[in-house]
1. When you go through B:271, B:278, B:235, B:202 one by one, which is the residue that is at pLDDT 95 or above and more than 18 Å from residue B:360 (Cα to Cα)?
2. Can you tell me which residues in the range B:30-65 are part of a strand (DSSP E or B) and more than 20 Å from the chain's Cα centre (by Cα)?
3. Pick out the one residue from A:73, A:82 that is farther than 18 Å from residue A:35 by Cα, assigned to a strand (DSSP E or B) and modelled with pLDDT of 95 or more.
4. Looking at the range B:25-39, which of the residues that are out of contact with any strand residue (DSSP E or B) (no Cβ under 8 Å at 6 or more places or on another chain) and away from chain A (no Cβ under 12 Å) is surrounded by the fewest Cβ atoms within 10 Å (Cβ to Cβ)?
5. Has the range A:33-45 got at least one residue that is in a loop (DSSP other than H, G, I, E, B) and within 9 Å of chain B (Cβ to nearest Cβ)?
6. Please verify whether the range B:212-230 includes one or more residues that are within 20 Å of the chain's Cα centre (by Cα) and surrounded by fewer than 21 Cβ atoms within 10 Å (Cβ to Cβ).
7. In the range B:101-127, what residues are touching a residue at least 12 places away in the same chain (Cβ under 8 Å) and at the interface with chain A (Cβ under 8 Å from one of its Cβ atoms)?
8. Can you pull out the residues in the range A:101-113 that are more than 9 Å from every other protein chain (Cβ to nearest Cβ) and over 14 Å from the mean Cα position of the chain (by Cα)?
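The values are calculated or read from the model by the stated rules, or taken from the named source; none is laboratory data. In this text, all values refer to a predicted model and were calculated from it rather than measured experimentally. Backbone-built Cβ (ideal geometry, glycine too); neighbour counts: all protein chains shown.
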């Protein structure tokens, strides 16, 4: 299929998808985010069967289908940066101006790393394995951005 | 194994481009539909023609909800039965196979389209695929999630900048022979290595270009295939598998879902050892590092042996992505359907300058979701 069409009198329409909407945070999600917002505590849910502690919260262990919805455990607000990238492009959905570090942080007591922003270290010097701590946001957004970012301990 | 077989009777691809602003996606689908009709002579007769269409499109890229309804006429679906796959288009082939095997229909048209260029940012659309509280809020998208996977995988497999550059150089060499590919300019390894970091360790030339395209196929039952082609390509096996949604729940280098999908597809196809029984592979490599990673997941080399696979000539042995692959530019929601179309052309001996000799069996792969959450595997035979 070749593309030698005539472009005379051809035009495009500019559009924009913008629809205000809502999401229920969920019973577990609400508790998790309120703990961060009001108490500066990060909570996980532990499967006693597998011994695995999950964050963000969910009702069932994905490995063994044990219901874990009530088995809250308090995680540390510090952890290990287990993986990272340096975001060098700009886009409207990004919470920061590039370049910045987006990392996977395994909080003390958790098995599943959280994705979050790492500041306070030069992107050229960051390495996996460093210890980082949560810096809580001054203003709430009722999302995980109630942790503003992580920074080296 | 299924006792009945399903054939791909014809495939049609629209040429991929980075900004086909002067083509509506409706017009692109119409080109595909007309070409499939020209190849096979199929009709829309109520008794003997196509009455079931499986389509694939993305509502966010089309900026239109229930995006199939707006293109029904050019899908050939007006006045007929139609369903849209809300997944990568390779799954439309799996769905069409199931429709035919069930006896519900003996002819199915599969049609997919996507114009990535219509949106200001395809990464913004990918961001909307994440949950609003934990993923979207931190700005996750397909590129930065892939970058996390790339770093972890390069370390595990010993994959270097030179390996990645080699993949891109080879991609372009094959894409130059594929008239449907998007990025067809030859590049040197030095240019790839010198291209700016987009999202470390992913460089600009490691990422597939923004792409617009459309692709379709006619599938038929074994009884009817000969009416439409004398070179049927048979579906020997199809399977898919979904992994955990949250990135942190997954080992990003383990290929859990792909191994499951491949294992199931191989079993259905009666393949005991894929390394001995596969002649050609088309993997959906949105980023260069994904080519060896998905090859590991397909079982064509061992875990963490992707770099060695490249060093030992695995790409030529298994004829990996002779189309140029997704890296040469296919839109994200139908890049796997393009893989299947290319694999089918190869098995039919119709792949032109990129044709490989002596093919019996090929694999087409696709993935959706950040860092390969969901994988699909299609086995095709001559």
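1. Values: B:271 fails: more than 18 Å from residue B:360 (Cα to Cα); B:278 fails: more than 18 Å from residue B:360 (Cα to Cα); B:235 fails: more than 18 Å from residue B:360 (Cα to Cα).
B:202 is the lone residue from the list that is at pLDDT 95 or above and more than 18 Å from residue B:360 (Cα to Cα).
2. The answer is B:52, and nothing else.
3. After applying the criteria, what remains is A:82.
4. B:26
5. Initial filter on the range A:33-45 (in a loop (DSSP other than H, G, I, E, B)): A:40-41.
Next cut, within 9 Å of chain B (Cβ to nearest Cβ) only: none.
Checking the range A:33-45: not a single residue is in a loop (DSSP other than H, G, I, E, B) and within 9 Å of chain B (Cβ to nearest Cβ).
6. Filtering the range B:212-230 down to residues within 20 Å of the chain's Cα centre (by Cα) leaves B:212-219.
If we keep only those that are surrounded by fewer than 21 Cβ atoms within 10 Å (Cβ to Cβ) as well, we get none.
The answer is no; no qualifying residue exists.
7. Passing the criteria: B:123, B:124, B:127.
8. Correct list: A:108, A:109.
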